[in-house]
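The values are calculated or read from the model by the stated rules, or taken from the named source; none is laboratory data. Bear in mind that the values here come from a model prediction, so they are computed numbers and not experimental data. Because the Cβ atoms are built from the backbone with ideal geometry, glycine has one as well, and the counts that use them run over all protein chains shown.
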(Lines give C-alpha, C1' and ligand atoms only; values in the text may rest on other atoms or scores of the structure.)
Protein backbone atom coordinates (compact mmCIF):
# COMPACT_ATOMS: atom_id res chain seq x y z
CA UNK A 1 0.00 0.00 0.00
CA UNK A 2 2.80 2.42 0.93
CA UNK A 3 4.52 1.68 -2.34
CA UNK A 4 1.28 2.35 -4.23
CA UNK A 5 0.99 5.83 -2.76
CA UNK A 6 4.63 6.57 -3.49
CA UNK A 7 4.15 5.47 -7.11
CA UNK A 8 1.03 7.68 -7.30
CA UNK A 9 3.02 10.67 -6.06
CA UNK A 10 5.86 10.15 -8.52
CA UNK A 11 3.44 9.55 -11.41
CA UNK A 12 1.62 12.78 -10.64
CA UNK A 13 4.89 14.67 -10.51
CA UNK A 14 5.88 13.35 -13.91
CA UNK A 15 2.41 14.10 -15.30
CA UNK A 16 2.50 17.71 -14.19
CA UNK A 17 6.11 18.12 -15.36
CA UNK A 18 5.22 16.93 -18.86
CA UNK A 19 2.09 19.07 -18.89
CA UNK A 20 4.16 22.09 -17.90
CA UNK A 21 6.64 21.57 -20.74
CA UNK A 22 3.74 21.38 -23.19
CA UNK A 23 2.31 24.56 -21.65
CA UNK A 24 5.39 26.63 -22.54
CA UNK A 25 4.03 27.16 -26.08
CA UNK A 26 0.82 28.80 -24.96
CA UNK A 27 -0.43 31.91 -26.74
CA UNK A 28 -0.51 34.87 -24.38
CA UNK A 29 -3.01 37.76 -24.47
CA UNK A 30 -2.97 40.85 -22.30
CA UNK A 31 -5.85 42.78 -20.75
CA UNK A 32 -5.40 45.98 -18.78
CA UNK A 33 -7.65 47.39 -16.09
CA UNK A 34 -7.48 51.14 -15.82
CA UNK A 35 -10.11 53.45 -14.27
CA UNK A 36 -12.17 50.30 -13.60
CA UNK A 37 -12.44 49.44 -17.30
CA UNK A 38 -10.89 46.64 -19.35
CA UNK A 39 -8.69 47.51 -22.33
CA UNK A 40 -9.32 46.09 -24.84
CA UNK A 41 -12.89 45.34 -23.86
CA UNK A 42 -13.22 42.88 -26.74
CA UNK A 43 -10.47 40.41 -27.46
CA UNK A 44 -10.38 37.95 -30.34
CA UNK A 45 -8.74 34.65 -29.41
CA UNK A 46 -8.30 31.36 -31.26
CA UNK A 47 -10.99 28.73 -30.70
CA UNK A 48 -10.12 25.19 -29.58
CA UNK A 49 -6.79 26.26 -28.09
CA UNK A 50 -5.62 26.72 -24.54
CA UNK A 51 -4.19 30.19 -23.85
CA UNK A 52 -3.04 32.48 -21.09
CA UNK A 53 -4.51 35.86 -20.23
CA UNK A 54 -2.32 38.32 -18.41
CA UNK A 55 -4.57 40.77 -16.63
CA UNK A 56 -2.76 43.92 -15.51
CA UNK A 57 -4.52 46.00 -12.90
CA UNK A 58 -3.20 49.56 -13.18
CA UNK A 59 -5.73 50.87 -10.67
CA UNK A 60 -4.60 51.24 -7.06
CA UNK A 61 -7.61 49.23 -5.88
CA UNK A 62 -8.13 45.46 -6.27
CA UNK A 63 -10.38 43.95 -8.89
CA UNK A 64 -11.81 40.49 -9.36
CA UNK A 65 -11.75 39.14 -12.90
CA UNK A 66 -14.85 36.97 -13.17
CA UNK A 67 -16.53 35.06 -15.95
CA UNK A 68 -19.29 32.51 -15.53
CA UNK A 69 -18.84 31.42 -19.13
CA UNK A 70 -15.09 30.91 -18.75
CA UNK A 71 -15.56 29.54 -15.21
CA UNK A 72 -12.84 31.75 -13.82
CA UNK A 73 -12.56 34.00 -10.75
CA UNK A 74 -9.33 35.72 -9.85
CA UNK A 75 -8.61 38.62 -7.52
CA UNK A 76 -5.93 40.99 -8.83
CA UNK A 77 -4.47 43.36 -6.28
CA UNK A 78 -3.99 47.03 -7.12
CA UNK A 79 -0.98 47.79 -9.34
CA UNK A 80 -0.26 44.14 -9.99
CA UNK A 81 -1.04 41.45 -12.53
CA UNK A 82 -2.37 37.91 -12.65
CA UNK A 83 -2.10 35.01 -15.07
CA UNK A 84 -5.32 33.23 -15.99
CA UNK A 85 -5.42 30.08 -18.11
CA UNK A 86 -8.49 29.63 -20.30
CA UNK A 87 -9.66 27.28 -23.02
CA UNK A 88 -9.77 25.38 -25.21
CA UNK A 89 -12.91 27.33 -26.09
CA UNK A 90 -15.60 26.46 -28.57
CA UNK A 91 -16.26 29.29 -31.08
CA UNK A 92 -18.44 31.94 -29.48
CA UNK A 93 -18.54 34.89 -27.10
CA UNK A 94 -17.39 34.68 -23.50
CA UNK A 95 -18.27 37.75 -21.39
CA UNK A 96 -16.20 38.69 -18.36
CA UNK A 97 -16.45 41.46 -15.78
CA UNK A 98 -14.76 43.02 -12.79
CA UNK A 99 -16.83 42.01 -9.80
CA UNK A 100 -15.79 44.98 -7.67
CA UNK A 101 -16.72 47.50 -10.38
CA UNK A 102 -19.28 45.65 -12.41
CA UNK A 103 -20.96 48.80 -13.77
CA UNK A 104 -17.88 49.80 -15.78
CA UNK A 105 -15.54 46.80 -15.90
CA UNK A 106 -17.08 44.71 -18.68
CA UNK A 107 -15.55 42.85 -21.60
CA UNK A 108 -15.68 39.71 -23.68
CA UNK A 109 -13.51 37.19 -25.46
CA UNK A 110 -14.54 36.19 -28.94
CA UNK A 111 -13.23 32.75 -29.81
CA UNK A 112 -12.91 32.20 -33.59
CA UNK B 1 9.71 30.97 -16.96
CA UNK B 2 10.33 31.67 -13.29
CA UNK B 3 6.61 31.37 -12.75
CA UNK B 4 6.52 27.96 -14.39
CA UNK B 5 9.56 26.73 -12.51
CA UNK B 6 8.18 27.91 -9.19
CA UNK B 7 4.93 26.12 -9.79
CA UNK B 8 6.58 22.99 -11.09
CA UNK B 9 8.90 22.82 -8.11
CA UNK B 10 5.99 23.35 -5.71
CA UNK B 11 4.05 20.56 -7.43
CA UNK B 12 6.82 18.05 -7.47
CA UNK B 13 7.85 18.77 -3.89
CA UNK B 14 4.27 18.61 -2.63
CA UNK B 15 3.48 15.39 -4.46
CA UNK B 16 6.57 13.73 -3.09
CA UNK B 17 5.95 15.06 0.42
CA UNK B 18 2.39 13.76 0.32
CA UNK B 19 3.52 10.37 -0.93
CA UNK B 20 6.21 10.29 1.74
CA UNK B 21 3.88 11.39 4.50
CA UNK B 22 1.41 8.70 3.56
CA UNK B 23 4.12 6.09 3.76
CA UNK B 24 4.86 6.96 7.37
CA UNK B 25 1.40 7.72 8.63
CA UNK B 26 0.09 4.62 10.50
CA UNK B 27 -7.37 7.85 12.02
CA UNK B 28 -11.25 8.78 12.21
CA UNK B 29 -14.17 9.75 10.01
CA UNK B 30 -14.90 12.65 7.68
CA UNK B 31 -17.07 14.79 9.92
CA UNK B 32 -18.01 17.35 7.30
CA UNK B 33 -19.62 16.49 4.03
CA UNK B 34 -17.81 19.02 1.92
CA UNK B 35 -15.90 18.40 -1.27
CA UNK B 36 -13.08 20.93 -1.46
CA UNK B 37 -11.87 22.71 -4.57
CA UNK B 38 -8.11 23.30 -4.86
CA UNK B 39 -8.43 27.08 -5.34
CA UNK B 40 -7.38 29.98 -3.14
CA UNK B 41 -8.20 33.69 -3.48
CA UNK B 42 -5.71 35.98 -1.80
CA UNK B 43 -7.33 38.52 0.50
CA UNK B 44 -10.70 36.78 0.61
CA UNK B 45 -12.40 36.48 4.00
CA UNK B 46 -14.76 33.54 4.28
CA UNK B 47 -17.36 32.84 6.94
CA UNK B 48 -18.96 29.44 6.73
CA UNK B 49 -21.69 27.47 8.46
CA UNK B 50 -21.66 23.75 7.79
CA UNK B 51 -24.21 21.34 9.13
CA UNK B 52 -25.77 17.93 8.83
CA UNK B 53 -28.76 16.05 10.18
CA UNK B 54 -28.81 12.24 10.19
CA UNK B 55 -31.70 9.92 9.61
CA UNK B 56 -31.05 6.35 10.71
CA UNK B 57 -32.73 3.20 11.98
CA UNK B 58 -30.33 3.29 14.96
CA UNK B 59 -32.04 5.52 17.55
CA UNK B 60 -28.70 6.78 18.87
CA UNK B 61 -27.76 8.07 15.44
CA UNK B 62 -31.19 9.12 14.21
CA UNK B 63 -31.41 12.88 14.64
CA UNK B 64 -27.65 13.31 15.13
CA UNK B 65 -26.64 16.87 14.25
CA UNK B 66 -23.27 18.33 13.43
CA UNK B 67 -22.55 22.02 13.05
CA UNK B 68 -19.35 23.83 12.21
CA UNK B 69 -18.72 27.55 12.33
CA UNK B 70 -15.64 28.57 10.38
CA UNK B 71 -13.71 31.76 9.61
CA UNK B 72 -10.97 31.66 7.00
CA UNK B 73 -8.72 33.97 5.04
CA UNK B 74 -6.70 33.80 1.81
CA UNK B 75 -3.29 34.65 3.23
CA UNK B 76 -1.48 34.44 -0.13
CA UNK B 77 -2.49 33.47 -3.65
CA UNK B 78 -1.75 29.84 -2.82
CA UNK B 79 -2.52 29.51 0.93
CA UNK B 80 -5.93 29.68 2.60
CA UNK B 81 -6.17 29.19 6.35
CA UNK B 82 -9.30 28.62 8.41
CA UNK B 83 -10.26 28.05 12.03
CA UNK B 84 -13.46 26.28 12.89
CA UNK B 85 -15.45 25.16 15.88
CA UNK B 86 -17.44 21.94 15.74
CA UNK B 87 -20.58 21.29 17.78
CA UNK B 88 -22.35 17.98 17.80
CA UNK B 89 -25.55 16.56 19.24
CA UNK B 90 -26.09 12.82 19.30
CA UNK B 91 -29.40 11.26 18.39
CA UNK B 92 -29.91 9.84 21.89
CA UNK B 93 -32.98 11.19 23.62
CA UNK B 94 -32.21 14.10 25.91
CA UNK B 95 -28.81 14.69 24.30
CA UNK B 96 -27.58 18.26 24.10
CA UNK B 97 -25.06 20.05 21.88
CA UNK B 98 -21.43 19.55 22.87
CA UNK B 99 -18.27 21.24 21.70
CA UNK B 100 -16.52 18.50 19.75
CA UNK B 101 -13.41 20.02 18.27
CA UNK B 102 -11.47 23.14 17.43
CA UNK B 103 -9.91 22.77 14.01
CA UNK B 104 -7.27 24.47 11.94
CA UNK B 105 -7.58 23.90 8.21
CA UNK B 106 -5.25 24.92 5.43
CA UNK B 107 -5.66 24.70 1.67
CA UNK B 108 -2.63 25.02 -0.58
CA UNK B 109 -3.26 25.68 -4.25
CA UNK B 110 -0.59 23.88 -6.24
CA UNK B 111 -1.54 24.76 -9.82
CA UNK B 112 -3.25 27.67 -11.52
CA UNK B 113 -6.79 26.87 -12.59
CA UNK B 114 -6.70 25.44 -16.12
CA UNK B 115 -2.91 25.37 -16.24
CA UNK B 116 -2.80 21.58 -16.54
CA UNK B 117 -5.29 18.90 -17.46
CA UNK B 118 -6.09 18.56 -13.74
CA UNK B 119 -6.01 21.31 -11.10
CA UNK B 120 -4.42 20.22 -7.84
CA UNK B 121 -4.16 21.31 -4.23
CA UNK B 122 -3.44 20.00 -0.76
CA UNK B 123 -5.52 20.25 2.40
CA UNK B 124 -4.24 19.82 5.93
CA UNK B 125 -6.15 19.86 9.18
CA UNK B 126 -5.35 19.55 12.85
CA UNK B 127 -8.34 19.11 15.15
CA UNK B 128 -8.11 19.43 18.90
CA UNK B 129 -10.70 17.22 20.59
CA UNK B 130 -12.79 19.22 23.09
CA UNK B 131 -15.28 16.58 24.23
CA UNK B 132 -14.37 14.21 27.06
CA UNK B 133 -12.41 11.23 25.77
CA UNK B 134 -12.07 12.65 22.27
CA UNK B 135 -8.67 12.43 20.65
CA UNK B 136 -6.94 15.03 18.49
CA UNK B 137 -6.78 14.35 14.77
CA UNK B 138 -4.58 15.10 11.78
CA UNK B 139 -5.97 14.95 8.30
CA UNK B 140 -4.58 15.43 4.81
CA UNK B 141 -6.33 15.54 1.48
CA UNK B 142 -5.22 15.62 -2.10
CA UNK B 143 -7.62 17.98 -3.89
CA UNK B 144 -8.20 17.56 -7.62
CA UNK B 145 -10.50 19.41 -10.00
CA UNK B 146 -11.39 19.19 -13.66
CA UNK B 147 -13.63 21.69 -15.44
CA UNK B 148 -15.10 20.97 -18.85
CA UNK B 149 -17.43 23.10 -20.96
CA UNK B 150 -20.51 22.34 -18.81
CA UNK B 151 -19.34 20.30 -15.84
CA UNK B 152 -17.05 20.68 -12.84
CA UNK B 153 -15.69 17.56 -11.17
CA UNK B 154 -13.92 17.57 -7.79
CA UNK B 155 -12.18 14.67 -6.06
CA UNK B 156 -10.69 14.63 -2.53
CA UNK B 157 -8.52 11.72 -1.41
CA UNK B 158 -8.35 11.75 2.40
CA UNK B 159 -6.01 10.30 5.02
CA UNK B 160 -6.83 10.70 8.68
CA UNK B 161 -5.16 9.66 11.89
CA UNK B 162 -6.00 10.19 15.53
CA UNK B 163 -3.28 11.52 17.82
CA UNK B 164 -2.97 12.23 21.51
CA UNK B 165 -4.10 10.50 24.66
CA UNK B 166 -7.31 8.86 23.44
CA UNK B 167 -6.14 7.93 19.97
CA UNK B 168 -6.84 4.66 18.24
CA UNK B 169 -4.01 3.42 16.05
CA UNK B 170 -4.24 3.18 12.33
CA UNK B 171 -4.69 5.57 9.44
CA UNK B 172 -8.06 5.73 7.75
CA UNK B 173 -8.65 6.73 4.17
CA UNK B 174 -11.55 8.04 2.21
CA UNK B 175 -12.75 9.64 -0.98
CA UNK B 176 -15.18 12.44 -1.65
CA UNK B 177 -16.43 13.19 -5.15
CA UNK B 178 -18.58 15.95 -6.61
CA UNK B 179 -19.78 16.39 -10.19
CA UNK B 180 -21.95 19.38 -10.99
CA UNK B 181 -23.64 20.78 -14.07
CA UNK B 182 -22.82 24.45 -14.58
CA UNK B 183 -26.39 25.46 -15.39
CA UNK B 184 -26.28 29.03 -14.04
CA UNK B 185 -24.07 30.60 -11.32
CA UNK B 186 -27.17 30.57 -9.09
CA UNK B 187 -28.04 26.92 -9.59
CA UNK B 188 -25.67 24.09 -10.27
CA UNK B 189 -27.25 20.66 -9.76
CA UNK B 190 -24.88 17.82 -9.02
CA UNK B 191 -24.14 14.60 -7.26
CA UNK B 192 -21.77 13.77 -4.40
CA UNK B 193 -20.21 10.54 -3.19
CA UNK B 194 -18.59 10.24 0.24
CA UNK B 195 -16.74 7.04 1.03
CA UNK B 196 -14.82 6.02 4.15
CA UNK B 197 -12.91 2.84 3.56
CA UNK B 198 -11.61 2.29 7.09
CA UNK B 199 -8.01 1.63 8.07
CA UNK B 200 -5.42 1.29 5.36
CA UNK B 201 -3.80 -1.63 7.15
CA UNK B 202 -7.08 -3.47 7.68
CA UNK B 203 -9.35 -3.78 4.67
CA UNK B 204 -12.99 -3.72 5.73
CA UNK B 205 -15.79 -5.39 3.83
CA UNK B 206 -18.01 -3.16 1.73
CA UNK B 207 -20.79 -3.48 4.35
CA UNK B 208 -18.39 -2.25 7.06
CA UNK B 209 -17.26 0.71 4.99
CA UNK B 210 -19.32 3.88 4.90
CA UNK B 211 -20.59 4.93 1.49
CA UNK B 212 -23.05 7.72 0.82
CA UNK B 213 -24.35 9.12 -2.44
CA UNK B 214 -26.94 11.72 -3.26
CA UNK B 215 -28.08 14.86 -5.08
CA UNK B 216 -26.66 18.24 -4.16
CA UNK B 217 -27.37 21.74 -5.45
CA UNK B 218 -24.77 24.50 -5.39
CA UNK B 219 -24.96 28.14 -6.25
CA UNK B 220 -24.38 31.79 -5.54
CA UNK B 221 -26.81 34.04 -3.71
CA UNK B 222 -26.87 37.85 -3.64
CA UNK B 223 -24.45 39.86 -1.45
CA UNK B 224 -21.57 37.37 -1.55
CA UNK B 225 -23.37 34.30 -0.21
CA UNK B 226 -23.03 30.77 -1.58
CA UNK B 227 -24.90 27.60 -0.77
CA UNK B 228 -24.32 23.85 -1.01
CA UNK B 229 -27.31 21.73 0.05
CA UNK B 230 -27.94 18.05 -0.49
CA UNK B 231 -29.25 14.75 0.75
CA UNK B 232 -26.99 11.72 0.94
CA UNK B 233 -28.41 8.21 0.89
CA UNK B 234 -26.59 5.43 2.72
CA UNK B 235 -25.13 3.00 0.17
CA UNK B 236 -23.62 0.47 2.61
CA UNK B 237 -24.80 -1.12 5.86
CA UNK B 238 -22.44 0.91 8.04
CA UNK B 239 -23.52 4.24 6.58
CA UNK B 240 -26.41 6.24 7.98
CA UNK B 241 -29.68 5.64 6.14
CA UNK B 242 -29.76 9.25 5.12
CA UNK B 243 -28.11 12.58 5.87
CA UNK B 244 -29.18 16.10 5.06
CA UNK B 245 -26.14 18.37 4.57
CA UNK B 246 -25.85 22.09 4.09
CA UNK B 247 -23.17 24.73 3.76
CA UNK B 248 -23.80 28.47 3.73
CA UNK B 249 -20.78 30.59 2.92
CA UNK B 250 -20.19 34.32 2.91
CA UNK B 251 -17.22 35.77 1.05
CA UNK B 252 -15.79 39.25 1.00
CA UNK B 253 -12.51 40.83 -0.04
CA UNK B 254 -10.71 42.13 2.98
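Quick notes
- Extreme residue, farthest from the other protein chains (Cβ to nearest Cβ), among residues of the range B:8-60 that are modelled with pLDDT under 70 and under 23 Å from residue B:246 (Cβ atoms): B:31
- Listed by position, the strands (runs of 3 or more DSSP E) inside the range B:76-174 whose residues that are in contact with a helix residue (DSSP H, G or I) (Cβ under 8 Å, 6 or more places away or on another chain) number at least 2 are B:119-129, B:136-147.
- Against the conditions (1) in a loop (DSSP other than H, G, I, E, B); (2) in contact with a helix residue (DSSP H, G or I) (Cβ under 6 Å, 6 or more places away or on another chain), residue A:104 satisfies every one except (2).
- The range A:56-83, residues that are part of a strand (DSSP E or B) and farther than 21 Å from residue B:188 by Cβ: A:56, A:57, A:63, A:75, A:76, A:80, A:81, A:82, A:83
- For the range B:29-50, filtering for residues that are under 17 Å from the mean Cα position of the chain (by Cα), part of a strand (DSSP E or B) and surrounded by 18 or more Cβ atoms within 10 Å (Cβ to Cβ) leaves 3.
- All positions within the range A:49-63 that are surrounded by fewer than 17 Cβ atoms within 10 Å (Cβ to Cβ) and over 15 Å from the mean Cα position of the chain (by Cα): A:58, A:60, A:61
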